[in-house]
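Novice: Sharing a structure with you now.
The values are calculated or read from the model by the stated rules, or taken from the named source; none is laboratory data. These figures come from a predicted structure and were not determined experimentally. Note that each Cβ is placed from the backbone with ideal geometry, even for glycine, and that neighbours are counted across all protein chains shown.
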């Protein structure tokens, strides 16, 4: 028995030696962080195709990325801290216990496996994955390595998914829909589709690093008050007048469109209708992470670390912001301008379907920027090409914080937020981001 | 086997022959004629370009029209087709279905301009038909304005629109010429579709009041010149008018023409009632309880031969469930409520069939008639296809590109292709349209079976050919006494259908009018035959962008005898022709016949003006709770079941006192008589319980002290299952109308009460109470429990929860009756998704009856049960209110209750039964929002559209889910006898809505018990559509259980309780209406 086993092992080694000699390219390829960037891009594309709302999209980014990080941490225990004990209810993953396991391949596999479980168009991920594995095999990936890595990746994916299953996402699917409140001050569904409010119970989702959803509550919004000298009225008129001033050519318009990040914008032409889909705000920051990682020449595990820290900031940021939104229930400028000031006024951007205060983009952009600054530093110039595929051009920034501030104010230019929701949102995101930076230890 | 085979063969042969015979007999009532035979080769060929397509031009696929008329006065009806990109065509009828195209030489080809509707009219009063053609499409081009072609009497025409002021440019759809002010000449209604895009402005109030120069127009004929009088005449001409149909009829029988405009998109339809003062009053909100959302073509005709014109309006709802799931999108509840509050009416995504009930009321009955969904439809036309005396229904269908295909909208129209669109690449729109699905569908034909029942005879009558059909018109093209049909198709030759009916009689009538109205447009003709009257109106513009010939066609059935023909001329004069022979074409000349002034019956007031003020007032205020926000899969709400009203003489003055139950957050009221007046008694005790929703109540002597105490049952879904506000309460009468609440509840847990009945079940001399649970508040569909409150004689109740009542159902009512005459009161309980159940009382213990008593197969949505010996045969009869037949609830429907996603909360999924399996009634997005795991299995709408419950949830779903089924929907009488009950469903009108309250009393003092019924349910998601087609009914009993035709009570709203009241000898009934004041009706 022993003999057979060692014979088998021998022959396996022999084969692998042979193949090593013949083709070792796969090893080089598996070192290339671009492989992970591509996989992340694939996930982003499917998130766009399947139309996930921004908070749900942040969940779809986070779990797969944690799966990949956890494997990297097992592979490089001296370089990285285990997230077990740092993220709520997260237990450490099984150890790497087979020399055939190639950690980077296992990480990509676990990433795609968890991703596929959380999205709908599984076949798109599968097609990408099959093609990837086939080309790696052509580049000499031995089947023993492939099998061991995939088996381990599957094991880790199952571990992550079991953890994800207890985050209250499933339960919140049956929670009550938001009941529209009477009264001018309260948020109402907005044109053109009057979609129901997105994720009114997102604050029930388990946070990762934050202790609770309302850990960093912003200052309260200005009370909705239509008397001419009230602060609310003044900020309302600012949105209205900006909207009147901005026409197709100003930089403000460009900024607003650049940071729109609305996953589903519908266009009506009579009975004919079509929609445009874009990446979510979170997706945009995942994109910036890629740009930063490539520019800083991060290797694969470092890139994964960056993605993991950003996706955690995004995830907790959305919970914090959504908690504020569905507690304050502030009406969108479009609704109140149409009712009191100008019934034909249209914001530059389509109003997204949830309450106004605080601005989600402001919160999560700032939280992500803080996370990225922590990794790549304060003085990091980059050209943001994330929206290029959506025909929106390139914008350049000298730091992540600068980009996040532009993202925040873009919502004012877009006519979908008042100034206070942006300013307070930035503070809220800053607090969330800094707390995570402080608490969460990854790179040793 | 050898012995029988011979016989079998003979039988088979016989059957076979029969089959062939029957095939021959019916297969080709309508025969599609070949273009090569008829010479009619017209084809509305349409192709899109990058610049001109359904995205750049909203009405790109609306198609074109057909106008029929005899242009050369040779007695043969000629055909004019309009074309969008192709030239218009005029086919001269050469007889025997041979046609000759002469548009070019006749000068009516309208080259290079998008033509839409067309109609013939004798504008210059020379007895020859002129032609008016509406233009649409892109601006610019020669003769882009609408054109008026004057007949030169030699098969040529001359354009003269400018002379008449009719050279109007817009997105014109169709015109109708008629005399709205009865000044003798023909005026014109021009239907113009708004130039504006349908966008984000659909909830702005009062937009229809802002006139627009490009909008609809009413044009008054002033000595041959047409002048826009829209504003003075009360016609809306705003930018939100997206009209697609003009339908003329005298809807209120005052011999003045009225006008119905169907509006596409968010704007509501307009019903203009002629105010007889040179204008119209738009009264849609008063006449209609529901209208169609994206209204398309329409037609008005008398469907039931009651001399009131009924109305059919088409929409875009597909016919089958799977196509609905693939092609239809729906407004959410919130959006629908918002639109309603902004003045956009009560609109729903389906065809509507409006039955004219007289008295300013239509009842929307498309669903009981089975015509609510017919695909993307354009024209509706009522005509007697088989000459049996009842007008049948034809609907043209098909959209060349499925603009609303859900997969297209979600996955194709917004992927890479739209990205290109953003980058403003060339040809993006046309590439987008390339991938839009396109599927031809057959047109619809429905045979009128009487009483508003229609049979789908599409295949039987020869309409099975799929097409993209738009404008259509009927007329007898070969003068053989039946109506042939002409249909204009996109990208296919026009259809010419020859009608081969021969089995029945007919008469054709051509009217010659007076000077300025030579074809007597606006006339009404009634043919009287034994036991039947049948009526037509002379309004040629009908259906969609089309006009029929001005020859009136009456099918007469088997009876060839016409008693008389009554003509109401457009000037309100009346002629009567006698001794007319059937099966001929008669010509009636206004100048040649005797005329009298027509008597116009007095205007029938809308019934609501007949409400009486009573000596007490109560307004029920429903709370704003939305069940759908808790249970997303529910099609309707269940939390609007009050008010309850009960009466009893509490103070011994022989006058009844009244208790009115309040909704959640509303204080219940007790009104006590003081002489002839009533006083609101102290509300202190009830104020404490305002948080409860009171839906059931009983006055009974609980404590055996000789006066009546009050038991109040509470229900509602706006509570947690632990809420104490669900507890029933007992108020003890301490004399002088003072009630005090008993503090402790006898119940071990709070629950929603659905049924109450008190009786001395244990024969110990005091009253016990049966209390049945309405539903489990957290999940509709799970059975509730039944309880007996056992009275100790001093008013102390002990809760008993017998095993036999543990899963009793979702109860709505209970009555006690000694069914088996053993001296103990038995129980009959009814409820939703269940058959009525009988529990026999054996010495104080209940057992479920083994025998069915004729009730146990009737699983229904039972809401109320009343009992009386109606036919005075010594047995109690039951009258049961059910959901009715005019709703989305269908026989064979099931409800599956299970925790489908294993997240700890049970869901209910309702299904329709089709082809042997069960399919969710729900739209994909709605179901998947609740059960996201399904989205992985069924990413595409087309896959979900064909998925049944096993596909979705696995074969074991039939074992693991609790399943209920509906088998009876009709409200019915169950006649009592010595061996159970025999069912008799109530009149069709009663089934137009649900019945949630019943009163059995002699309302007319003739010694027999009558039935008063009320219901309605407004809180249904728009895609399923509310039930609002009842205004309350009385069925008066003549004798021996024979009831007269239903008489409307004329009460709008949701009637939840009916109770009688007699004050100074006037018998009246009090109607408790959800979220409204009580209504009091005096009964004559």
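Novice: Could you please give the count of residues in the range B:146-162 that are in contact (Cβ under 8 Å) with a residue 24 or more places away in the chain, in a loop (DSSP other than H, G, I, E, B) and crowded, with 16+ Cβ neighbours inside 10 Å?
Specialist: 2
Novice: Output the helices (runs of 4 or more DSSP H) that fall wholly within the range A:142-252 and possess 1 or more residues being more than 21 Å from residue A:119 (Cα to Cα), or say none.
Specialist: A:143-164, A:231-245
Novice: Hey, can you tell me all the residues within the range B:189-217 that are farther than 13 Å from residue B:172 by Cα and touching a residue at least 40 places away in the same chain (Cβ under 8 Å)?
Specialist: Selection gives B:196, B:197, B:198, B:202, B:203, B:204, B:205, B:206, B:208.
Novice: Can you tell me which residue is nearest to residue A:280 (Cα to Cα) among those in the range A:389-408 that are modelled with pLDDT under 95 and out of contact with any strand residue (DSSP E or B) (no Cβ under 7 Å at 6 or more places or on another chain)?
Specialist: This residue is A:390.
Novice: Kindly state which strands (runs of 3 or more DSSP E) lie completely within the range B:612-701 and contain at least 1 residues that are touching a residue at least 60 places away in the same chain (Cβ under 8 Å) and within 14 Å of chain A (Cβ to nearest Cβ).
Specialist: Once the strands (runs of 3 or more DSSP E) in the range B:612-701 are filtered for at least 1 residues that are touching a residue at least 60 places away in the same chain (Cβ under 8 Å) and within 14 Å of chain A (Cβ to nearest Cβ), nothing remains.
Novice: Looking only at residues in the range A:323-341 that are within 11 Å of chain B (Cβ to nearest Cβ) and within 34 Å of the chain's Cα centre (by Cα), which one is farthest from residue A:220 (Cα to Cα)?
Specialist: Applying the first criterion (within 11 Å of chain B (Cβ to nearest Cβ)) to the range A:323-341 yields A:334-335, A:338-339.
Still in the running and within 34 Å of the chain's Cα centre (by Cα): A:334-335, A:338.
Details: A:334: 21, A:335: 20, A:338: 24 Å.
Per the criteria, the residue is A:338.
Novice: For residue A:288, are the conditions met, namely being touching a strand residue (DSSP E or B) at 6+ places or on another chain (Cβ under 8 Å), crowded, with 20+ Cβ neighbours inside 10 Å, more than 14 Å from chain B (Cβ to nearest Cβ) and closer than 29 Å to residue A:52 by Cβ? Quick ask: steps written out before the conclusion?
Specialist: Values: touching a strand residue (DSSP E or B) at 6+ places or on another chain (Cβ under 8 Å): yes; crowded, with 20+ Cβ neighbours inside 10 Å: yes; more than 14 Å from chain B (Cβ to nearest Cβ): yes; closer than 29 Å to residue A:52 by Cβ: yes.
Spelling it out, residue A:288 is indeed touching a strand residue (DSSP E or B) at 6+ places or on another chain (Cβ under 8 Å), crowded, with 20+ Cβ neighbours inside 10 Å, more than 14 Å from chain B (Cβ to nearest Cβ) and closer than 29 Å to residue A:52 by Cβ.
Novice: Okay, next question. Which one of these is part of a loop (DSSP other than H, G, I, E, B), more than 23 Å from the chain's Cα centre (by Cα) and at pLDDT below 95: A:78, A:97? Break it down into steps so the answer makes sense when it comes.
Specialist: On the way: A:78 fails: at pLDDT below 95.
On inspection, the qualifying residue turns out to be A:97.
Novice: Out of B:834, B:810, which single residue is buried (at least 21 other Cβ atoms within 10 Å of the Cβ), under 32 Å from the mean Cα position of the chain (by Cα) and without any contact (Cβ under 8 Å) to a residue 60 or more places away in the chain?
Specialist: One residue alone meets the criteria, B:810.
Novice: On the basis of being surrounded by fewer than 24 Cβ atoms within 10 Å (Cβ to Cβ) and in a helix (DSSP H, G or I), does residue A:366 make the cut?
Specialist: no
Novice: Which residues, counting only those in the range B:187-211, are part of a loop (DSSP other than H, G, I, E, B), crowded, with 19+ Cβ neighbours inside 10 Å and away from chain A (no Cβ under 14 Å)?
Specialist: Residues satisfying the conditions do not exist here.
Novice: Can you confirm whether residue A:344 is free of Cβ contacts under 8 Å to residues at least 12 places away in the same chain and within 14 Å of another protein chain (Cβ to nearest Cβ)? Steps first, please.
Specialist: Details: free of Cβ contacts under 8 Å to residues at least 12 places away in the same chain: yes; within 14 Å of another protein chain (Cβ to nearest Cβ): yes.
Here the answer is yes, as residue A:344 does meet what is asked.
Novice: On to the next question. So how many residues does the range B:255-266 have that are more than 18 Å from the chain's Cα centre (by Cα), modelled with pLDDT of 95 or more and either within 14 Å of another protein chain (Cβ to nearest Cβ) or in a loop (DSSP other than H, G, I, E, B) (or both)?
Specialist: Within the range B:255-266, residues that are more than 18 Å from the chain's Cα centre (by Cα), modelled with pLDDT of 95 or more and either within 14 Å of another protein chain (Cβ to nearest Cβ) or in a loop (DSSP other than H, G, I, E, B) (or both) number 3.
Novice: In addition: Filter the range A:151-161 for residues that are more than 14 Å from every other protein chain (Cβ to nearest Cβ) and either surrounded by fewer than 20 Cβ atoms within 10 Å (Cβ to Cβ) or under 24 Å from the mean Cα position of the chain (by Cα) (or both) and give the result. Outline the logic, then answer.
Specialist: Step one: filter the range A:151-161 for residues more than 14 Å from every other protein chain (Cβ to nearest Cβ), giving A:151-160.
Listed by number, the residues that qualify are A:151, A:153, A:154, A:155, A:156, A:157, A:158, A:159, A:160.
Novice: OK, next. Residue B:804 - would you say it is buried (at least 24 other Cβ atoms within 10 Å of the Cβ) and either at pLDDT below 95 or not in a loop (DSSP other than H, G, I, E, B) (or both)?
Specialist: When the stated conditions are applied, residue B:804 does not pass them.
Novice: List the number of the failed condition for residue B:327; all other conditions in (1) over 20 Å from residue B:633 (Cβ atoms); (2) under 17 Å from the mean Cα position of the chain (by Cα); (3) buried (at least 21 other Cβ atoms within 10 Å of the Cβ) hold.
Specialist: Unmet for residue B:327, out of (1) over 20 Å from residue B:633 (Cβ atoms); (2) under 17 Å from the mean Cα position of the chain (by Cα); (3) buried (at least 21 other Cβ atoms within 10 Å of the Cβ): (2).
Novice: Can you find even one residue in the range B:909-918 that is modelled with pLDDT of 95 or more and within 30 Å of residue A:114 (Cα to Cα)?
Specialist: Looking through the range B:909-918, at least one residue is modelled with pLDDT of 95 or more and within 30 Å of residue A:114 (Cα to Cα).
Novice: Follow-up. For residue B:866, indicate whether it is part of a strand (DSSP E or B) and either crowded, with 20+ Cβ neighbours inside 10 Å or at pLDDT 95 or above (or both).
Specialist: Here the answer is yes, as residue B:866 does meet what is asked.
Novice: Quick one: count up the residues across the range B:267-287 that are in a loop (DSSP other than H, G, I, E, B) and crowded, with 24+ Cβ neighbours inside 10 Å.
Specialist: Qualifying residue count, the range B:267-287: 3.
Novice: Which numbered condition trips up residue B:953, out of (1) closer than 29 Å to residue B:412 by Cβ; (2) surrounded by fewer than 20 Cβ atoms within 10 Å (Cβ to Cβ); (3) touching a helix residue (DSSP H, G or I) at 6+ places or on another chain (Cβ under 9 Å)?
Specialist: Residue B:953 satisfies every listed condition except (2).
Novice: From B:168, B:235, which residue is assigned to a loop (DSSP other than H, G, I, E, B), surrounded by 24 or more Cβ atoms within 10 Å (Cβ to Cβ) and more than 14 Å from chain A (Cβ to nearest Cβ)? Reasoning before the result, please.
Specialist: Working: B:168 fails: surrounded by 24 or more Cβ atoms within 10 Å (Cβ to Cβ).
So the residue among B:168, B:235 that is assigned to a loop (DSSP other than H, G, I, E, B), surrounded by 24 or more Cβ atoms within 10 Å (Cβ to Cβ) and more than 14 Å from chain A (Cβ to nearest Cβ) is B:235.
Novice: How many of the residues in the range B:991-1011 are out of contact with any helix residue (DSSP H, G or I) (no Cβ under 9 Å at 6 or more places or on another chain) and within 29 Å of residue B:624 (Cα to Cα)?
Specialist: Total meeting the criteria: 7.
Novice: Is the range B:889-900 home to any residue that is within 14 Å of another protein chain (Cβ to nearest Cβ), surrounded by fewer than 18 Cβ atoms within 10 Å (Cβ to Cβ) and assigned to a loop (DSSP other than H, G, I, E, B)?
Specialist: There is at least one residue in the range B:889-900 that is within 14 Å of another protein chain (Cβ to nearest Cβ), surrounded by fewer than 18 Cβ atoms within 10 Å (Cβ to Cβ) and assigned to a loop (DSSP other than H, G, I, E, B).
Novice: Right, here's the next one. Determine whether residue A:279 is more than 30 Å from residue B:59 (Cα to Cα), within 13 Å of the chain's Cα centre (by Cα) and in a loop (DSSP other than H, G, I, E, B).
Specialist: Taking the combined requirement at face value, the residue satisfies it.
Novice: Could you count how many residues in the range B:358-389 are within 20 Å of the chain's Cα centre (by Cα) and surrounded by fewer than 22 Cβ atoms within 10 Å (Cβ to Cβ)?
Specialist: 4
Novice: Could you check residue B:50 against (1) out of contact with any strand residue (DSSP E or B) (no Cβ under 7 Å at 6 or more places or on another chain); (2) part of a loop (DSSP other than H, G, I, E, B); (3) modelled with pLDDT of 95 or more and say which number it fails?
Specialist: For residue B:50, the failing item is (3).
Novice: Working only within the range A:172-202, note down all residues that are surrounded by fewer than 18 Cβ atoms within 10 Å (Cβ to Cβ) and within 15 Å of residue A:356 (Cα to Cα).
Specialist: Those that are surrounded by fewer than 18 Cβ atoms within 10 Å (Cβ to Cβ) and within 15 Å of residue A:356 (Cα to Cα): A:181, A:184, A:185, A:186.
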